[in-house]
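Participant: Got a structure for you, written out below as structure tokens; questions coming shortly.
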Amino acid sequence: MASTTSPPVYGDISPLPTGLKTFTTFPDLLMVLEWVFGGLVWILVASTTIPYGLPLLQGWVMFVSIFCFVFTSMLIILYCIGAHGGKSSWTTIDAFYHFIAAIFYLSASVLQAYATIGSNGAGKIYQENIAAVVFAFIATALYVVHAVASLFRWKKSP
């Protein structure tokens, strides 16, 4: 007797979660933490100033934090509504995005640390810049872990 189910067509199986599984599976659960820490970096950098001609460095940090915040938000929403439709091409998009975000955040973290050290300040603004550096490095670590896990998931996808 012949089987009534046909084998899946290449590219039609995705290990990406849909619905509320987005918040319970690894590494997709990391997107929530990336969103939180990225938002904290955005808020802290927006509320501080760096004197002595270094605001361009914080401009890159703002760009990275806003870019990653918006795209992470979009991915969370798209995964929750199941927009990927089981296509494995979304696994490639996920791996590519998190790899680029990890590189962006690493550069932003280093530049924010450099700008903070260069300010040689004290007080509330200096403390906010230090907090921005710490949260930026935490966000970097989260994006790196997610990128590595996404690359493994991409490698295993059909």
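The values are calculated or read from the model by the stated rules, or taken from the named source; none is laboratory data. Note that the structure is predicted; figures quoted are calculated from it, not measured. Because the Cβ atoms are built from the backbone with ideal geometry, glycine has one as well, and the counts that use them run over all protein chains shown.
Participant: Can you find a residue in the stretch 140-151 that is closer than 14 Å to Pro27 by Cα, aromatic (Phe, Trp, Tyr) and modelled with pLDDT of 90 or more?
Facilitator: Going residue by residue through the stretch 140-151, those that are closer than 14 Å to Pro27 by Cα are 141-151.
So of that shortlist, the ones also aromatic (Phe, Trp, Tyr) come out as 143.
Within this subset, residues satisfying the condition of being modelled with pLDDT of 90 or more are 143.
Yes: the stretch 140-151 contains one or more residues that are closer than 14 Å to Pro27 by Cα, aromatic (Phe, Trp, Tyr) and modelled with pLDDT of 90 or more.
Participant: Have a look at Ser14, Ser3 and point out the one that is surrounded by fewer than 15 Cβ atoms within 10 Å (Cβ to Cβ), modelled with pLDDT under 70, part of a loop (DSSP other than H, G, I, E, B) and of a type in the set (S, T, N, Q). Break it down into steps so the answer makes sense when it comes.
Facilitator: On the way: Ser14 fails: surrounded by fewer than 15 Cβ atoms within 10 Å (Cβ to Cβ).
Every option except Ser3 fails the conditions.
Participant: Hey, Ile103 hits all of (1) within 18 Å of the chain's Cα centre (by Cα); (2) buried (at least 17 other Cβ atoms within 10 Å of the Cβ) but one; which does it fall short on?
Facilitator: Exception for Ile103: condition (2).
Participant: Based on this model, can you work out whether Thr92 counts as more than 18 Å from Pro27 (Cβ to Cβ) and among the β-branched types (Val, Ile, Thr)? Can you show your working first?
Facilitator: Values: more than 18 Å from Pro27 (Cβ to Cβ): no; among the β-branched types (Val, Ile, Thr): yes.
Against the criterion (more than 18 Å from Pro27 (Cβ to Cβ) and among the β-branched types (Val, Ile, Thr)), Thr92 does not qualify.
Participant: Could you list, in sequence order, all residues of the stretch 138-158 that are out of contact with any Gly (no Cβ under 6 Å at 6 or more places or on another chain), assigned to a helix (DSSP H, G or I) and of a type in the set (Gly, Ala, Ser)? Walk me through how you get there before you give the answer.
Facilitator: Going through the stretch 138-158, the residues out of contact with any Gly (no Cβ under 6 Å at 6 or more places or on another chain) turn out to be 138, 140-158.
Those left that are additionally assigned to a helix (DSSP H, G or I): 138, 140-156.
Those that are out of contact with any Gly (no Cβ under 6 Å at 6 or more places or on another chain), assigned to a helix (DSSP H, G or I) and of a type in the set (Gly, Ala, Ser): Ala141, Ala147, Ala149, Ser150.
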